[in-house]
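Peer 1: Got a structure here, written out as structure tokens. Questions coming.
The values are calculated or read from the model by the stated rules, or taken from the named source; none is laboratory data. Nothing here was measured: the structure is a model prediction, and the numbers come from that model. Cβ placement follows ideal geometry from the backbone for every residue including glycine, while neighbour counts extend to all protein chains displayed. Note: areas computed on protein heavy atoms with side chains; ligands, DNA, RNA excluded. Shrake-Rupley method; radii C 1.70, N 1.55, O 1.52, S 1.80 Å.
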Amino acid sequence: MAAHTPIVVGLYDIGSGRPERVAEFRLAGTRAELTILGPGGCRLAQEWFDHGVEIEQARRVLPDDGPGFLRALLQPIPLSYYQLVDESPVPPATPWSVTAPGAAAGR
């Protein structure tokens, strides 16, 4: 089975009691884009976008890595006041190929 490719990752500020969506990372072609949603900006989201997300062995994944960057955002990152959420549309389920009894071709 292929790994899930996130398309939209939302960043929420959860430190003020009520979660507030403050930034969105979105796959645009082969690159990730950042949209800051709050008027005060979001330094954490901008930092990841400008300098990449650190993964194993101090390697950084940059927005140019598109799907890899969004997957890196969704790895377990210790955050106290923020939460990253995969908000990608759920692909439609693949319907089962079921043939009703007596519905075979030619009948």
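Peer 1: So who's got an amide H within less than 5 Å of the one on residue 82, skipping anything under 5 residues away but keeping other chains? H placed 1.01 Å off N, in plane.
Peer 2: When sequence neighbours closer than 5 places are left aside, the close amide H contacts are 14.
Peer 1: Using modelled backbone amide H atoms (1.01 Å from N, in-plane), which distant-in-sequence or interchain residues come within less than 5 Å of residue 22's amide H?
Peer 2: Counting only residues 5 or more places away or on other chains, the set is 11, 12, 13.
Peer 1: Can you pull out the GluC sites (Glu not before Pro) in segment 27-84 that DSSP calls coil and that have at most 12 other Cβ atoms within 10 Å?
Peer 2: none
Peer 1: To the nearest 10 Å², what's residue 36's accessible area with a 1.4 Å probe?
Peer 2: Ignoring ligands and nucleic acids, residue 36 comes out at about 60 Å².
Peer 1: Given H placed on each backbone N at 1.01 Å, which residues far from residue 66 in sequence or on other chains put an amide H within less than 5 Å of it?
Peer 2: The answer is 32.
Peer 1: Here's another thing I want to ask about it. Residue 4: net charge of surrounding residues, Cβ under 11 Å, Lys/Arg +1, Asp/Glu -1, itself excluded?
Peer 2: 0
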